[in-house]
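Here the structure is laid out as structure tokens; the discussion comes afterwards.
The values are calculated or read from the model by the stated rules, or taken from the named source; none is laboratory data. Model, not experiment: these values are computed from the prediction. Don't worry about glycine lacking a Cβ; one is built from the backbone with ideal geometry, like all the others, and counts go over all protein chains shown. Remember, those area values only see protein heavy atoms, side chains included, never the ligands or the DNA or RNA. Shrake-Rupley method; radii C 1.70, N 1.55, O 1.52, S 1.80 Å.
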Amino acid sequence: FKKVADLAKLYGSNEVHFTTRQEVQLHYVRVENLMKVIRGLNEVGLSSRGGGGNTIRNILTPHDSGIDPNEAFDVDPYSMALTTRMLAEPDSLNLPRKFKINFSNSAEDKSFTAATCLGFVALLKDGKKGFFVTCAGGMGAKPMVGHELFDWIPDTQVYHIARAIKTMFDKHGNRRSRTSNRIKFLWAKIGDEEFKSYFFEEYNKIKDDQSLSLNIVPVLNEAKATNLTADNISTPEFELWKKRFVNEQKQNGLFSIKLPLKLGDIENEDVHRLCDFLEIFGDNTIRCSRSQNIQLRNIPEKYLGNAYKVINSINTFSDRAAFIGNMINCTGASTCKLGICLPRGLSSAIAIRLKDSKLDLDQLSDFKLNMSGCPNTCGMHHVADLGFFGKVGRKSGKMYPSYNVLAGAEIGIGTTKYAEKVDEISSKKVPEFVHDFLEHYLSKKDQYNSYKSYLVAEGKFKINQLCEKFRDVPAFEIDPSSYTDFGAKKPLSLEEIGTAESAGMFDMIDVDQKLIRLHQKKQTQATNPDDLQNALFHILFSSSRMLLVTRGLDAKNDEEVFALFQKHFLESELINKEFADIVVLGKLNILTELPKHSVKINSLAEEVITLYKGMDDSLRFK
């Protein structure tokens, strides 16, 4: 960890970033320094292999595996052995798409095994170790809950199952389309029976080969003996900190401590300060958590005061309720070319809004508030109690950052259900929305036996009610700040969110498609020439603008919309050139002539929509 932090200082932003997939990242490394970083990692036995690409990704376990009093058994050794084996295999590095594997140590399923490609949940059967196995799950823009593969399988079969899934995915996965080539899409395409037929064809070849069983080496959770002088602290602040962040392990006398990071970041100097303290107790003292925090383990009870002093010297959220540090956000459009919104900025804004509120956030220590900058689920919004993912909003032709609001995920072995979309809201209104929603929930919490019951009875209605309350977005001329995201330097634009490969493309297209239908309805209801001309112009305008984003084009004004459409769609003959005359009328803003061409304007709209629906999985026009 010290070495990673030093590399971040030498070649990156000086910060180590913890991700929702329990990895650490170095940001803003210049390309000419990449090999220096990779060689530096190799010096301490670390590798970036599995961190990205169409490979076996890092294999997850709960941060408390091996120390949780309620676990079936420790799954860390299985994850370590499987990672070592599979990342060394050449065919792991050129799969159709990324392949993710999660382990959970109990039926509580803290690693969300049903939300990934292959999941193992620890179960004891007649005293024997084994796993409940699911496959073909995943979140993202098209979420799917994993399907049961085995209700129980001996722990000696872990590699055999993973190997068989990898082989069948390598053979049958879709390599042509990056948007539909995960294992879940293979299941969706060929169905339950054929998928399992492919799997068992590979599995049956190797299931009886005992030489393939993993070499499982137990992880010892203990503290090294030390002569460190204990700091005895008895202040109310210390007691509150223990209540919020300290848990007793199943190992007698040892404790785990949550270190809640700000936006998942920790600076070089703080890493050294933390590691100098942890080294006293041995090697096995630290884990990454899925909530982008650090989890310490194997700390003797008498040294909790020492830990408290060290943690207080680090820039974290350790002076706040655990809820604040548990909020999850991806990096968003600041570093991701698929991003639309900036959830890091939003997360900070929510923390500021809640810091000085009177809400008792200690009642929400297990509440999951997760944010993603786009439909891809790096911020895990699908497994949230209250989730947000970025989208594009429009007001009078101007784009503004916005979020879909989801609620009500359920997690558990065989019972996982993703959060459902309830409504949508402008980015700038989210902090106040979160405050008001949590205020309402806390006022009603004692009346319900679960958050789920609250949502069903009145929570979702409250979300709708609050979104309606905050629905209005002022015109750009009145309040340009509503069009600039938290942490952004300028209003949202196509330039800000990337080109047509952005996940936000579909939101932008959908806005224009809805506007076409809205103004077609207004056209039929028009009672005077002005209303009819206005409706036809908007149909023509939205039809011309709708697909510009697929070419990475962002028109600066109405005239440019028509000009770009003319060049990229009419002249290229993606759209029939017979519509050129009405596009010119729109470009010249000659509204009085539009009623004469109403049939043609509506035909253009239908042709544009048909062209969009005919796009293939790689976002190309046929």
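For this structure, a couple of remarks:
- Compared with the dominant principal axis of the Cα atoms in the chain, helix 183-206 is inclined by about 30°.
- Partners of Lys556 within straight-line reach, counting aspartates and glutamates whose Cα lies under 17 Å from its Cα and excluding those fewer than 8 residues away in the same chain: Glu477, Glu495, Glu496, Asp512.
- Cα-based radius of gyration for the range 73-215, normalised by 2.2 N^0.38 Å, reads 0.99.
- Electrostatic bookkeeping for Pro143 treats Lys and Arg as +1 and Asp and Glu as -1; over the other residues with beta carbon under 12 Å from its beta carbon, the sum is +4.
- Contact order relative to length of the chain, as percent, for alpha carbon pairs under 8 angstrom and 6 or more apart: 10
- Most positive-pole-ward Cα, Ala230, Val219, Trp241, against dipole of the chain from beta carbon charges: Val219
- Where Rh is the Kirkwood radius over Cα pairs, Rg/Rh for the range 25-70: 1.13
- Values of log10 I(q)/I(0) for the range 1-85 across q = 0.18 Å⁻¹ run -0.88, by the Debye formula with one identical scatterer at each alpha carbon and no solvent.
- Under a 5 Å amide H cut-off, with hydrogens placed 1.01 Å from N, Lys262 pairs with Phe317 among residues at least 5 apart or on other chains.
- The label-point distance for Asp362 and Glu23, in a model that sets each label 7 Å from Cα toward Cβ, rounds to 3.8 nm.
- Applying 0.36 nm per residue to the separation of Ile478 and Asn33 and subtracting their alpha-carbon distance, the gain on full extension is 155.6 nm.
- Long pairs among Lys391/Lys490; Lys242/Lys421; Lys110/Lys445, criterion Cα-Cα beyond 25 Å: Lys242/Lys421
- Only helical runs count toward this figure. For the chain, summing -39,500 (n - 2.57) over DSSP H runs of n ≥ 4 and dividing by all residues gives -11000 deg cm²/dmol at 222 nm.
- Taken per residue, the accessible surface of the chain reaches 45 Å², heavy atoms only and a 1.4 Å probe.
- Positive-end residue of Pro474, Gln513, Leu261, charge dipole of the chain with Cβ unit charges: Gln513
- Fraction of accessible area attributable to carbon and sulfur, the chain (%, probe 1.4 Å): 49
- Rounded to the nearest 20, the Cβ-based charge dipole of the chain about its Cα centre (Lys and Arg +1, Asp and Glu -1) stands at 680 debye.
- The range 524-622 - charge dipole about Cα centre, Lys and Arg +1 at Cβ, Asp and Glu -1, debye rounded to 20: 200
- Alpha carbon Rg of the range 40-142, scaled by the compact-globule rule 2.2 N^0.38 Å: 1.14
- Protection-proxy order for peptides 276-289, 72-85, 398-411, each taking the mean of Cβ atoms within 10 Å per residue, highest first: 398-411, 72-85, 276-289
- Length-normalised contact order for the range 363-403 - Cα pairs under 8 Å, 6+ apart - percent: 31
- Using distinct alpha-carbon pairs, which all enter the 1/r mean, Kirkwood radius of the range 339-442 in Å: 14.2
- Per-residue extension of 0.36 nm, minus the Cα-Cα distance of Val456 and Trp152, leaves a gain of 106.1 nm for this segment.
- Each Cα pair of the chain feeds into the Kirkwood radius, which the Stokes-Einstein equation turns, at 25 °C and 0.890 mPa s, into a diffusion coefficient of 92 µm²/s.
- Crossing angle, helix 158-172 versus the chain [Cα axis fit, 0-90 degrees, rounded to tens]: 20
- Spread over its residues, the convex hull of the C-alpha atoms of the range 228-336 is 112 Å³ per residue.
- Relative contact order for the range 1-121, counting Cα pairs under 8 Å that sit 6 or more residues apart, in percent: 20
- Helix 268-278 vs. the chain, principal-axis angle (Cα, 0 to 90°, nearest 10): 30
- Computed over the range 109-177, the Cα gyration tensor eigenvalues convert (square root of 5λ each) into semi-axes of 24, 16, 7 Å, ordered from largest to smallest.
- Proximity of backbone amide H atoms, modeled 1.01 Å from N, is registered between Lys98 and Thr55 at under 5 Å, excluding neighbours fewer than 5 places apart on the same chain.
- Positive-end residue, the chain charge dipole about Cα centroid, Cβ charges, pick of Thr20, Val145, Ser493: Ser493
- Computed from the C-beta positions of Arg273 and Lys250 and an R0 of 22 Å, the FRET efficiency is 0.15 to the nearest 0.05.
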